[in-house]
Amino acid sequence: MASVRTAASIRLFPAFALLAGAGVLGVAPASGVGASPSLPPVGFEERAGVELVLVPVSVRDPAGEPVAGLVQSDFTLYESGVKQEIATFDREAAPVSLVFGVDTSGSMHDYLEFVKAAAIRFVERVPPLFAVSLVSFADRTTTRTTFQDTRRHLYYELGQLRANGGGTAILDATVEAVDKVAQRPGRRAVVLFTDGEENTVAEEERDAAIQAVVRRARAADVTVYYVGYGWVAKTRMLETVAAQTGGVYLAAGRERKITEGFDAIARALDAQYTLGYVPRPGLPGEWRPIAVEVRRAPVKVAARKGYLVPATASFVRP
């Protein structure tokens, strides 16, 4: 989590800033798409005093380059449409815990080698302070490296991947990736690369399963990104999960687009500024939309669209 400079002692609740996207609140299942556990609240740092919501923000120019040198007065922050007083402002990079997943189903055979090369470039692109865990998935998800493993070991495991899996359980892979990163400090994100469509959840159960995944990611404050390659004809599922968790679905299409997609996600994860404000009282499970504006044009502002009020927040009103 980015350091926050403030004279008062605070309780921190992060509403993380990544690629722009809408959100839907909820609670998550513990194992697989259909389970329903109760996750402990995440993103809190217990301190006496005032509660503070942290919002990392990335600001880019039209060429995609970071805009440096902004000051607190350049930003305007809104919660539920109401302008908020920015209590803290930080320019330090905010660390991220990231689960990176590669589809290893049989259909990936023809171009997995290029995907692995692009994945290595993506991991090289993210800052060293990011903690990265690698998973592969087909009809089941396998953890290849932990957050504690070195980047060199991660590159080795990427090189060992083989496209020899069965079905494509994207939703289960997303749930397992979210669970893996849920209790990590700082910002949390999942990036999954796939060439196929979900084929382990029945069509009539698909919408409910999608919302279960969204609720789980939202409850854990995890942003989900998908990079789709090849003939992904039905993208609504991936687009929905990504957008409703604050991420994005990127259609790579050709090889060059894979690298471009990974680069876009890496830039979005590398937030440049962190804003903090004191939230108003609310109810457990309430969704708080957030908007950030920058008084400089033309720029592109990437910020998470809101946060979920946890059940244990001290600012919750009965």
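Coordinate-derived values only; no laboratory data. Computed from a prediction, not measured in an experiment: that's the story for all the values here.
In this structure the amide hydrogen of residue 57, modeled in the peptide plane, comes within under 5 Å of the amide hydrogens of 272, 273, 274, 275, none closer than 5 places in sequence on its chain. Classification of region 96-269 by its C-alpha gyration tensor yields a rounded form. The axis ratio a/c (a ≥ b ≥ c) stays under 1.5. Here's how it looks for residue 130: its modeled amide H is under 5 Å from those of 96, which are all 5 or more places away or on a different chain. Distances between placed amide hydrogens fall under 5 Å for residue 306 paired with 290, all partners being 5 or more residues away or on another chain. For region 114-126, the Karplus equation 6.51 cos²θ - 1.76 cosθ + 1.60, evaluated at θ = phi - 60°, returns couplings of 5, 4, 5, 5, 5, 5, 4, 4, 4, 5, 5, 6, 7 Hz by residue, with Gly and Pro reported as x. Remark: region 66-76, residue by residue, has Karplus-estimated 3J(HN,Hα) of x, 9, 9, x, 6, 10, 4, 5, 6, 10, 10 Hz, where x stands for each Gly or Pro and the curve is 6.51 cos²θ - 1.76 cosθ + 1.60 at θ = phi - 60°.
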